[in-house]
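The values are calculated or read from the model by the stated rules, or taken from the named source; none is laboratory data. Keep in mind the model is a prediction, meaning the values are calculated, not measured. All Cβ positions, even for glycine, are placed from backbone atoms using ideal geometry, and neighbour counts span all protein chains on display.
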């Protein structure tokens, strides 16, 4: 894209900044200042106001496109990469032994995992996911423990302080969670801090934490960053990890399982 040789009016410049980062992805503040022929301080002021308006996202001297303010509807996410999610869920059933306690988090992959676990015997399930409860309610050998609190009706789950307190009071042999997105080098991303708190508490209560990430989540942007894939003992993917993620997981001695 060509440089803009002369400074343009503020509103027009800001509109162009939004369009530019949508097209190019994350850009350095200095590069934006050069392109728009203004000072770095001016660009920073632009970006501060644009972020407050929800139009861009700032991070460590960079500006990028604003993430979606919320996750997509549950019904829409159910059909995204369903084959990959089913492969991950089937592997969960292989990894989880009978007669154990397992904490299951929110999301569509977690619901599929519950389906594959329904024939396990003597299983105790701790969850904040009503989809999991409905999936396992008729399983004869499964005991269900559900977090109390306010239901997020769109997704039929319970997040935030209520679920965090629930998991903090429990202990599980295994925990399985997914995330809203994951960066190429393994940073975990979610769409709000309530989701982060719920996931963090679930992982803390279990002896062996399993992260489920289908290819739709790889590189997907979300607003809140907390944790890394290497925090988990096992990482389940349906596509091979990139070099940076592979190195981080090997260094942390995490088990990498790629299913297809």
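Odds and ends about this structure:
- Across region 47-59, a minimum of one residue is classified as touching a helix residue (DSSP H, G or I) at 6+ places or on another chain (Cβ under 6 Å) and closer than 21 Å to residue 196 by Cα.
- Of all residues making up region 1-39, the number that are closer than 26 Å to residue 224 by Cα and modelled with pLDDT of 85 or more: 14
- Taking strands (runs of 3 or more DSSP E) as the structural unit, those lying wholly within region 86-200 and holding at least 2 residues that are modelled with pLDDT of 95 or more and in contact with a strand residue (DSSP E or B) (Cβ under 6 Å, 6 or more places away or on another chain) correspond to 101-104, 123-127, 142-146, 172-178.
- Flag for residue 236 being farther than 22 Å from residue 94 by Cβ, in contact with a strand residue (DSSP E or B) (Cβ under 9 Å, 6 or more places away or on another chain) and touching a residue at least 40 places away in the same chain (Cβ under 8 Å): no
- Just one of the numbered conditions (1) surrounded by fewer than 20 Cβ atoms within 10 Å (Cβ to Cβ); (2) at pLDDT below 95 is not true of residue 258: (2).
- For residue 220, the requirement of being part of a loop (DSSP other than H, G, I, E, B) and assigned by TED's automatic domain parsing to the domain that holds residue 104 is met.
- Checking the stated criteria, residue 170 turns out not to satisfy the condition of being more than 19 Å from the chain's Cα centre (by Cα) and over 23 Å from residue 234 (Cβ atoms).
- Of the residues in region 206-213, none is assigned to a loop (DSSP other than H, G, I, E, B), assigned by TED's automatic domain parsing to the domain that holds residue 103, more than 19 Å from residue 157 (Cα to Cα) and touching a helix residue (DSSP H, G or I) at 6+ places or on another chain (Cβ under 6 Å).
- Of all residues in region 225-248, those being surrounded by 18 or more Cβ atoms within 10 Å (Cβ to Cβ), outside any helix (DSSP H, G or I) and under 15 Å from the mean Cα position of the chain (by Cα) number 6.
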